[in-house]
Amino acid sequence: MIQVGQTLCGKYRVEATLGQGGMASVWQGVHVATGRRIAIKVLDDRFLGNAHVVARFGREARAASSIHHESIVEVLDLDRTEDGAPFLVMELLQGETLTQRIEKRGRLSAAELVAIADPLLDALHAAHEAGVVHRDLKPDNIMLVPAGRRGEKVKVLDFGISSKSDEVSSLTTTGSLLGTPHYMSPEQARGRTDIDRRADLYAMGVLLYECAVGAVPFDAENYNALIQEILNAPPVSPRARGAAISEAVEAVILHAMSKDRDARPSTAEALRDELLAVAPPPLPAASSSGSYPITDAPLAERKSMPTLDAAAIELEPVRVSSSPPRAPSLQLDGAAVRRISQRSSRVSASPPSTRWGRVALASVLAIVALIAVVRFVVHPMITAEHRRATTSAP
Ligand SMILES: Nc1ncnc2c1ncn2[C@@H]1O[C@H](COP(=O)(O)OP(=O)(O)O)[C@@H](O)[C@H]1O
Ligand SMILES: [Mg+2]
């Protein structure tokens, strides 16, 4: 049993509790020698006798460490407490989970959704290319970490039931039945053992659906009914449930959620490309830093934002992003349309201040010309006339 103030292996001091998952507790701590703040995930005592679960813990550490991606939580160490409980040490993430974000905001806008999906799919692609399938993607396992003026970073956690394609999957078959089944792909729900990256793409589809709608696509009274829905029920369209996204973005989400895995995009990269081709591009800070500015517009305001298809608006002469367009069509939300109309009014007509400047300049020139006429034409004529009159007088 871990307690605040305890030092693990003489190296890591436990400072506060961070979270409790299905099988482990997560604590904030400090690496005593360097002072670095860290997170410590400790397997619950009740699982210490379960060799499968203990083995899975080691796999989590190895899986996460093998990927090296800025959007995947960094695992720094793996050890055991004096009581024999395995624990892993991670970089400390200070932010909120995607679950907390959805609870706080309800529905996310298309731009927010893309800002999260873009780095997430990039990280997932890196994991898949390293031979790791996460198998438990859900908003609880995604952290959003403020990154100052650059927006926020997205981090994938919890490779606890991940599988390496070259390893036997008996451990992970048990694991896939733990926790919430809402994000479980139809092939996992059917109990197939040859699970591959496409199961993660299905979970990404469900996760994006939930971001857009504020609720998961399938829910039921009990586990069996939920599995039946996952296997057989077509999802209700996100837009019909109030999602503020375009038809094209909706189609991408539903594509990822295809029940037949052969019908889904074949890689996370392909899914990312599909989404970026139809969605608002990430805001400029995203590209270089890997972090994304997220709008803080209140939910009520964002709900009322219209979404428009690119075909319905005139894009020239304005470019929405400084980077080259990724696809011929763009889908823009209300804020983007407002930005465009402001920018196009700037290029197509002079601002009022410039027009008034011109009027004032013309008036000054006219007055100067009038004075010149009076001074050099009218005045000499009057003077000459006056002289003539005085000299001709008797
Ligand atoms: N590196 C971390 N930094 C900060 N909080 C974390 C970190 N890792 C996990 N957490 C918190 O602990 C919770 C459970 O962690 P997770 O790895 O998902 O454990 P479990 O396998 O038990 O679900 C997370 O939802 C998050 O709130
Ligand atoms: Mg978790």
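The values are calculated or read from the model by the stated rules, or taken from the named source; none is laboratory data. Because the structure is predicted, anything quoted here is derived from the model rather than measured. Using ideal geometry, Cβ is built from the backbone for each residue, glycine included, and neighbour counts are taken over all protein chains shown.
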Exercise. If only one of Leu88, Leu93, Leu120 is in contact with a strand residue (DSSP E or B) (Cβ under 9 Å, 6 or more places away or on another chain) and surrounded by fewer than 21 Cβ atoms within 10 Å (Cβ to Cβ), which one is it?
Worked result: Leu93
Exercise. Within segment 115-145, can you find the residues that are among the β-branched types (Val, Ile, Thr) and either within 11 Å of ligand 1 (Cβ to nearest atom) or over 17 Å from Ser162 (Cβ atoms) (or both)?
Worked result: Ile116, Ile142, Val145
Exercise. Restricted to segment 146-176, and to residues that are part of a loop (DSSP other than H, G, I, E, B) and modelled with pLDDT of 85 or more, which residue is farthest from ligand 1 (Cβ to nearest atom)?
Worked result: Gly151
For this session: Determine whether Leu121 is modelled with pLDDT of 95 or more and assigned by TED's automatic domain parsing to the domain that holds Tyr209.
Result: yes
For this session: Look at segment 146-162 and say how many of its residues are within 16 Å of ligand 2 (Cβ to nearest atom) and either β-branched (Val, Ile, Thr) or over 11 Å from the mean Cα position of the chain (by Cα) (or both).
Result: 8
Problem set entry | Which numbered condition Gly106 fails, given (1) crowded, with 21+ Cβ neighbours inside 10 Å; (2) farther than 20 Å from Tyr12 by Cα | (1)
Exercise. Within the set of pairs 6 or more residues apart or between chains, which connect a residue that is acidic (Asp, Glu) inside segment 188-204 to a residue that is buried (at least 22 other Cβ atoms within 10 Å of the Cβ) and assigned to a loop (DSSP other than H, G, I, E, B) with Cβ atoms less than 9 Å apart?
Worked result: Asp200/His134; Asp200/Arg135; Asp200/Leu137; Asp200/Ser185
For this session: Kindly provide the set of residues from segment 51-107 that are more than 10 Å from ligand 1 (Cβ to nearest atom) and assigned by TED's automatic domain parsing to the domain that holds Lys153, ordered by number.
Result: Arg101, Ile102, Glu103, Lys104, Arg105, Gly106, Arg107
Seminar exercise, completed: Scanning segment 262-278 for residues that are farther than 13 Å from Leu121 by Cα, under 17 Å from the mean Cα position of the chain (by Cα) and surrounded by fewer than 20 Cβ atoms within 10 Å (Cβ to Cβ) gives Ala277
Problem set entry | Residues satisfying the stated conditions in segment 7-53, i.e. buried (at least 16 other Cβ atoms within 10 Å of the Cβ), among the β-branched types (Val, Ile, Thr) and within 16 Å of ligand 2 (Cβ to nearest atom) | Val26, Ile40, Val42, Val53
For this session: With the condition kept exactly as written, say whether any residue in segment 122-133 is within 21 Å of Ala61 (Cα to Cα), assigned to a loop (DSSP other than H, G, I, E, B) and of a type outside the set (A, V, I, L, M, F, W, C).
Result: yes
Exercise. Do any helices (runs of 4 or more DSSP H) lying entirely in segment 177-232 carry at least 2 residues that are in the same structural domain as Asp140 (by TED's automatic domain parsing) and surrounded by fewer than 22 Cβ atoms within 10 Å (Cβ to Cβ), and which ones are they?
Worked result: 186-189, 223-232
Seminar exercise, completed: Checked segment 96-119 for anything within 15 Å of ligand 2 (Cβ to nearest atom) and either touching a residue at least 40 places away in the same chain (Cβ under 8 Å) or in contact with a Cys (Cβ under 7 Å, 6 or more places away or on another chain) (or both); matches are Glu96, Thr97, Leu98, Thr99
